[in-house]
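Enquirer: I have a structure I would like to understand better, so I am pasting it below and will then ask my questions one at a time.
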Amino acid sequence: MDISCSTGISVNDEVRLQYLADIADRQAAKHEGDFMECGVYKGGTALLMAYALFRNKSSNVVHLLDAWEGMPSPGTEDAGTTIPAKFFSDSSEKEVKRLLKNHGLHSYANTRKGWFKDTLPKMRGPFSLVHIDCDLYAAVHECLSHILPRMSPGGLIVIDDYGDTDCRRFPGVQRATAESIADTDWVVTPLGGLRDQSILLSRTK
């Protein structure tokens, strides 16, 4: 699937979409576990992840977690973030399901509507790929706290809107990531992007 199918749906730029599509394809080929996305919005990146599973004839699925009620209010750790509460509320679970069905990929995805505190405890893993796109400190911290112990041996985590040293529109994302992987064998690899930067989390051993 060409990333052009997602460019009009996702707020991610083409560079980040291509990185995610390539990583999803490699991870799907390993058949090491399910995929998961935390922060789905309209389903543009979910589409790429589901297609990777389809393309590799995987028996795994991608779990799509979102409240579909917009973003919660930023916390003190997110000082400098300009995105207001309820932003990204112009989407729905029904819309995402319809998108996946229109592309024949609905059997490779499960939507999980609700806030992460309610949906994450039901996710057991193991996960071979997780995409985190939730912009705020508390959400990223909550996701990583649950996900890190449940990753497959070769599992990878892509975190969106991490930023770089010159541009951090979502400073809470970097802080939550640093705190979550401190004293672990997980390391950060920059992936790049045109507007904001994604990173890859992988194990050193």
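The values are calculated or read from the model by the stated rules, or taken from the named source; none is laboratory data. Here the structure is a predicted model, which is why all the values come from computation and not from measurement. With ideal geometry, Cβ positions are generated from the backbone for all residues, glycine too; neighbour counts draw on all protein chains shown.
Enquirer: Of everything in the range 110-126, what is part of a loop (DSSP other than H, G, I, E, B) and either crowded, with 18+ Cβ neighbours inside 10 Å or on the phi > 0 side of the Ramachandran plot (or both)? Give them in sequence order.
Expert: Gly114, Met123, Gly125
Matching residues to (1) assigned to a helix (DSSP H, G or I); (2) within 18 Å of Val61 (Cβ to Cβ); (3) touching a Pro at 6+ places or on another chain (Cβ under 8 Å):
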{"position": "Ser128", "(1), (2), (3)": "no, yes, no"}
{"position": "His131", "(1), (2), (3)": "no, yes, no"}
{"position": "Cys134", "(1), (2), (3)": "no, no, no"}
{"position": "His141", "(1), (2), (3)": "yes, no, no"}
{"position": "Ser145", "(1), (2), (3)": "yes, no, no"}
{"position": "Leu148", "(1), (2), (3)": "yes, no, no"}
{"position": "Pro153", "(1), (2), (3)": "no, no, no"}
{"position": "Leu156", "(1), (2), (3)": "no, yes, no"}
{"position": "Asp161", "(1), (2), (3)": "no, no, no"}
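Enquirer: If you don't mind, another one. Consider only pairs whose beta carbons are under 7 Å apart and that are at least six residues apart or on different chains; among these, list those whose first residue lies in the range 103-128 and is within 21 Å of Leu144 (Cβ to Cβ) and whose second residue is of a type in the set (Gly, Ala, Ser) and surrounded by fewer than 17 Cβ atoms within 10 Å (Cβ to Cβ).
Expert: Within 7 Å, the pairs are Ser128/Gly154.
Enquirer: Can you say whether Ala28 is closer than 24 Å to Pro153 by Cα and aliphatic (A, V, I, L, M), as far as the supplied structure shows?
Expert: Spelling it out, Ala28 is indeed closer than 24 Å to Pro153 by Cα and aliphatic (A, V, I, L, M).
Enquirer: Are any of the residues in the range 19-29 of a type in the set (S, T, N, Q), buried (at least 19 other Cβ atoms within 10 Å of the Cβ) and either within 25 Å of Gly172 (Cβ to Cβ) or within 17 Å of the chain's Cα centre (by Cα) (or both)?
Expert: Yes, the range 19-29 contains a residue that is of a type in the set (S, T, N, Q), buried (at least 19 other Cβ atoms within 10 Å of the Cβ) and either within 25 Å of Gly172 (Cβ to Cβ) or within 17 Å of the chain's Cα centre (by Cα) (or both).
Enquirer: Considering the range 151-170 alone, what residues qualify as being at pLDDT 80 or above and buried (at least 16 other Cβ atoms within 10 Å of the Cβ)? Lay out the reasoning, then the answer.
Expert: To start, the set of residues in the range 151-170 that are at pLDDT 80 or above comprises 151-162, 170.
Once the filter is applied, which keeps residues that are at pLDDT 80 or above and buried (at least 16 other Cβ atoms within 10 Å of the Cβ), the range 151-170 yields Met151, Ser152, Gly155, Leu156, Ile157, Val158, Ile159, Asp160, Asp161, Tyr162, Phe170.
Enquirer: In the range 175-197, how many are closer than 19 Å to Leu20 by Cα and either modelled with pLDDT of 80 or more or touching a His at 6+ places or on another chain (Cβ under 7 Å) (or both)?
Expert: So the count comes out to 7.
Enquirer: I'm trying to understand the selection: among the residues of the range 77-102, which are closer than 30 Å to Pro149 by Cβ and modelled with pLDDT of 95 or more?
Expert: The answer is Glu93, Val96, Lys97, Leu100.
Enquirer: For the range 89-109, enumerate the residues that are closer than 20 Å to Asp25 by Cβ and surrounded by fewer than 14 Cβ atoms within 10 Å (Cβ to Cβ).
Expert: Of the residues in the range 89-109, the ones closer than 20 Å to Asp25 by Cβ are 99-100, 103-109.
Those that are closer than 20 Å to Asp25 by Cβ and surrounded by fewer than 14 Cβ atoms within 10 Å (Cβ to Cβ): Gly104, Ser107.
Enquirer: Taking Leu53 as the residue in question, decide whether it is more than 22 Å from Glu142 (Cα to Cα), surrounded by 20 or more Cβ atoms within 10 Å (Cβ to Cβ) and in contact with a His (Cβ under 8 Å, 6 or more places away or on another chain). Spell out how you get there, then give the answer.
Expert: Details: more than 22 Å from Glu142 (Cα to Cα): yes; surrounded by 20 or more Cβ atoms within 10 Å (Cβ to Cβ): yes; in contact with a His (Cβ under 8 Å, 6 or more places away or on another chain): no.
No.
Enquirer: Moving to a separate point now. Among the residues of the range 30-45, count how many are more than 14 Å from the chain's Cα centre (by Cα) and more than 16 Å from Asn110 (Cβ to Cβ). Before the answer, list the steps.
Expert: Step one: list which residues in the range 30-45 are more than 14 Å from the chain's Cα centre (by Cα), which gives 30-33.
Filter again for more than 16 Å from Asn110 (Cβ to Cβ), leaving 30-32.
Residues that pass the stated criteria total 3.
Enquirer: Need at least 3 residues that are within 22 Å of Leu201 (Cα to Cα) per element, so show me which helices (runs of 4 or more DSSP H) inside the range 1-105 make the cut, counting only ones lying wholly within it.
Expert: 14-30, 44-55
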